[in-house]
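Visitor: Structure incoming, see below.
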Amino acid sequence: MMFAKSSADWSQSLVDHMPQGFALDLAEGGLFRRLFEGLAVELARFDALCDELLTELDYTTTVQFIGDFERMLALPRDCQVPPTLLEQRRAVVLAVLTRNRNLAPNTMIEIAALYGFTITIAEHAAPDAASTWFQYDVTTAAAITVIPFTSGGSVANDPLGALAQLDLDCILTEIEPAWAEHIFI
């Protein structure tokens with residue numbers, strides 16, 4: 001979107017909005033005309049910056065404000081390795097902003113793919129028809145590092161295994177609906 005006026009347009013606009021008469025010398029090369037031409041350069045530059053701001057305020061096209069979007073959304077999370085490519089960073093911002101719109105398994109598969117995981121999801125129906133709770137199994141080819149549970153060294157709720165590199169469990173917990181529970185297979 002380019003809505004910015006050129007400096008010539010701004011100069012002519014300033015001249016057009018001045019009162020007519022002998023008091024102001026608005027002829028070509030006159031004092032006020034040269035003053036308006038100088039002002040028009042800065043107005044055109046400001047106009048172009050405003051035009052650029054419209055592009056930067058859209059998280060799908062931003063370049064300079066991507067860090068501000070990430071800071072606003074508290075990205076990356078502690079359990080996430082931040083993506084380095086601009087398109088990936090935009091995709092993560094988009095996923096966080098729109099994750100409550102579509103909580104289907106495909107959405108979780110796409111978000112996991114942003115972080116380099118290939119997962120499949122098998123859904124299980126709620127135990128009774130009145131419940132909205134559901135459980136799903138996540139299958140991935142990620143390597144699992146076994147953390148042994150030891151007496152005196154471990155406490156309740158310590159994990160018995162953890163995914164190598166990036167914590168997929170944390171990512172899925174972050175994006176899954178509150179009424180869902182995932183189990184790694």
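Visitor: Using the alpha carbons of the stretch 1-89, what is the convex hull volume per residue in cubic angstrom, as a whole number?
Guide: Details: hull volume 10.1 nm³, N = 89.
Value for the stretch 1-89: 113 Å³ per residue.
Visitor: Same structure, new question: Would you mind calculating the gained length between PHE46 and CYS170 on full extension (0.36 nm times residue separation, minus the Cα-Cα distance), in nm to one decimal?
Guide: Details: separation 124, 0.36 × 124 = 44.64 nm, distance 4.39 nm.
Residue separation times 0.36 nm, minus the Cα-Cα distance, leaves 40.2 nm.
Visitor: Follow-up. Order the following by accessible area, largest value first: HIS124, HIS182, HIS17. Probe radius 1.4 Å; ligands, DNA and RNA are ignored.
Guide: On the way: HIS124 75, HIS182 25, HIS17 145 Å².
Order by accessible area, largest first: HIS17, HIS124, HIS182.
Visitor: Further question: Could you pull the accessible area for GLU181 with a 1.4 Å probe, rounded to 10 Å²?
Guide: GLU181 has an accessible surface of roughly 80 Å² with all protein chains in place.
Visitor: Tell me the net charge near ALA27. Cut-off is 15 Å between Cβ atoms, ALA27 excluded, with +1 for each Lys or Arg and -1 for each Asp or Glu. Walk me through the numbers on the way to the answer.
Guide: Numbers: positive: ARG33, ARG34; negative: ASP16, ASP25, GLU28, GLU37.
Counting the neighbours of ALA27, the net charge comes to -2.
The values are calculated or read from the model by the stated rules, or taken from the named source; none is laboratory data. Keep in mind that this is a model prediction, so the values were computed, not measured. All Cβ positions, even for glycine, are placed from backbone atoms using ideal geometry, and neighbour counts span all protein chains on display. The protein model used for the area step is the full one, side chains on, heavy atoms only, and it has no ligands, DNA or RNA in it. Shrake-Rupley method; radii C 1.70, N 1.55, O 1.52, S 1.80 Å.
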